[in-house]
Amino acid sequence: VKVLNLNSDLPGVVDAWGFGFVDELDYRREANNAADFMTKIAKTPLRSAVFAPAAIPELVTSRILTTEWVNGERLELSSAKDVTQLCSVAMNTYLTMMLETGTLHADPHPGNLLRSTDGRLCILDWGLVTEIPQNLQLSFIEHIAHLTSRDYAKVPEDLVKLGFVPAGLEDTVRSSGTVEVLTTIYSTWAGGGGASNGNVATVVKEIRGLSEKYGGYIFQVPPYFAYIAKAFATLEGIGLSNDPKYAVVGECLPYISQRLLTDPDSRVSGALNTFVYGPSKDSPDKAVDVDRIEFLTSGFASYTQATGGLSDGQGGIVNLGGPGFSADDVEKSVKQLSDLLLRPDPAATPLQEIVEDEIARLIGAGTRTAAATIRESPAGQLVSFVLDPFGLAKPYTHGPLFTPDTKDAVVLASGARIAAVAEKPTRQALETLISLPPDEQTKAAQAVIRVLWEKRDGATLSVQRLARKLYQQAETKFEQSQAVEIR
């Protein structure tokens, strides 16, 4: 059966909707769904930003649902200053349900999303939900990482995992131009403006043409996707009503950034490596893509702002870098960074592994470059002649252990770009700290010292891992020097 001339599991879609409609008729189930959402969201950074009205158990039956009263207004009709922020909260909440908790609110029409009077997002009507299995959640994260990093070779396998392409048709997808069409769709959505800017009809026509060209068997729409498409189409509509340039992809990427940076799952780790290094992630010559590092950090900051820097209670946003900024904000920022990089576990997280690897490579490249510079200087040549007049140590002093190569040049260039990217926010942070009153500066300094002391075990483990990496690097270079001497 086909939808839009695309191969689709229409019976499966109808069954999924049918089960959902039947479930909606039991209000006890709806009350449980809302309670389950609150239990799960309480374990995330969104816990203070979004809620579902609590049911009153003694007044709930299969045909009657009674909840606490919520004072608020429809999100898309609100004129409060924090509506843009709450649109981000809504997107992050749905991504959290879809990719983390696994239970997705499947009926997010505008009447079900409110801005409460205390500046939080309220989600109503939990009768219709759908379950997203963990394996599917991780497949989505991998797919997004592959698309954004342009690792297109992995996209056909992603489409099979997600249920859009039947198993065994990966090669057909590669040769059909499907990946190119998906790239166009992704780039269009990333540009913002919704359908008015995306020429959706053209995109559908291209997909339909591919399907017709290959007998209509390449694509299939899995049942679960109908709910996801409905949810995100509604969220995009609300976003566009507030901002004509609203980009649904742009709103998704902050959540993806924080997930890539904080989730220790091995598949998410692979997605993080793909995002940071691109298709060369498994190569010994891999190099960090600085633009993606900047994107990850800015995306993580955006997620933090959306989930932690919400309303001041009067419809305004607390500016974490401006008026109202305090020592408490400094402590939160330092704690957040140390939680990412100084975890007290013997095994490094994916993020720690990347950071420590790059620091070790940077130290090694810098040391070899400095050693070669000193060695070739007049003073260095004089010392070499005095200490080694016959050149017996030359295979080592002029070998790979003390001589930079092209890989080192790439590492140093990446390091310089990362430093340049970090210069502006670092300077702004220092200027903000200096602008604090003296008592707040003292409080901030004490907070930083306290957090670092609390993280001392994690710092010790990180230094130990870094030392091992440097030792292994030096050992490899020494072995290369010996090999050169033998030849």
inquiry  = Past 27 Å, Cα to Cα: identify those pairs from LYS161/LYS335; LYS286/LYS332; LYS81/LYS245, in the order given.
reply    = LYS161/LYS335; LYS286/LYS332
task = Pop out the ³J(HN,Hα) list for segment 130-136 in order, Karplus 6.51 cos²θ - 1.76 cosθ + 1.60 with θ = phi - 60°, rounded to Hz; leave Gly and Pro as x.
result = 9, 8, 10, x, 4, 4, 5
query = Considering amide H positions built from the backbone, and no H for Pro or chain starts, which residues 5 or more places from VAL129, or on another chain, come under 5 Å of its amide H?
reply = ALA106
task = Step through the residues of segment 292-301 one at a time and calculate ³J(HN,Hα) from phi using the Karplus curve (6.51 cos²θ - 1.76 cosθ + 1.60, θ = phi - 60°), rounding each to whole Hz and writing x for Gly and Pro.
result = 6, 4, 4, 5, 4, 5, 5, x, 5, 5
ask   = Given the Cα-Cα distance of GLU294 and THR373 and 0.36 nm per residue of separation, how much length would full extension add, in nm?
value = 25.3 nm
message = I'd like the carbon and sulfur percentage of the solvent accessible area for segment 43-188, probe radius 1.4 Å, heavy atoms only, ligands and nucleic acids excluded.
response = 54
Under 21 Å from the Cα of LYS394 - lysines, other chains or at least 8 residues apart = LYS477
request  = Quote to one decimal, in nm, the extra length available between ALA233 and GLU131 on full extension: 0.36 nm per residue of separation minus the C-alpha distance between them.
outcome  = 34.9 nm
ask   = Once you list every other residue whose beta carbon is under 12 Å from the beta carbon of ASP243, what net charge do they have if Lys and Arg are +1 and Asp and Glu are -1?
value = -2
ask   = Hey, any idea what % of segment 268-311's accessible area is carbon plus sulfur with a 1.4 Å probe?
value = 52
inquiry  = Taking 0.36 nm per residue of sequence separation and subtracting the Cα-Cα distance, how much length would be gained by fully extending the chain between LYS281 and MET38, in nm to one decimal?
reply    = 83.7 nm
inquiry  = Please list, in order along segment 168-179, the HN-Hα scalar couplings obtained from phi with the Karplus expression 6.51 cos²θ - 1.76 cosθ + 1.60 (θ = phi - 60°), rounded to whole Hz, x for Gly and Pro.
reply    = x, 9, 4, 5, 5, 4, 4, 8, 8, x, 4, 4
request  = Could you tally the net charge around ASP151, taking each other residue with its Cβ under 13 Å from the Cβ of ASP151, Lys/Arg +1 and Asp/Glu -1?
outcome  = 0
note = Per residue, accessible area of segment 214-284 with a 1.4 Å probe, heavy atoms of protein chains only, in Å², comes to 37
ask   = Looking only at segment 339-381, which residues have a backbone nitrogen under 16 Å from a spot 7 Å from the Cα of ALA459 in the C-beta direction?
value = 339-345
remark   = Note, PHE385: beta-carbon cut-off 14 Å, +1 each Lys/Arg, -1 each Asp/Glu, net 0
Apportionment of accessible area to carbon and sulfur, segment 358-483, percent (1.4 Å) = 68
key: Per residue solvent-accessible surface (Å²) - segment 62-167, probe of 1.4 Å   = 38
message = Taking the Cα centroid of segment 343-384 and of segment 75-135, what is the distance between the two, rounded to the nearest whole Å?
response = 47
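The values are calculated or read from the model by the stated rules, or taken from the named source; none is laboratory data. What you see is a predicted model, and the numbers here were worked out from it, not measured in a lab. Reconstructed Cβ throughout: ideal geometry from the backbone, glycine too, with neighbour counts over all protein chains shown. We work out accessible area using only protein heavy atoms, side chains counted, and drop any ligands, DNA or RNA first. Shrake-Rupley method; radii C 1.70, N 1.55, O 1.52, S 1.80 Å.
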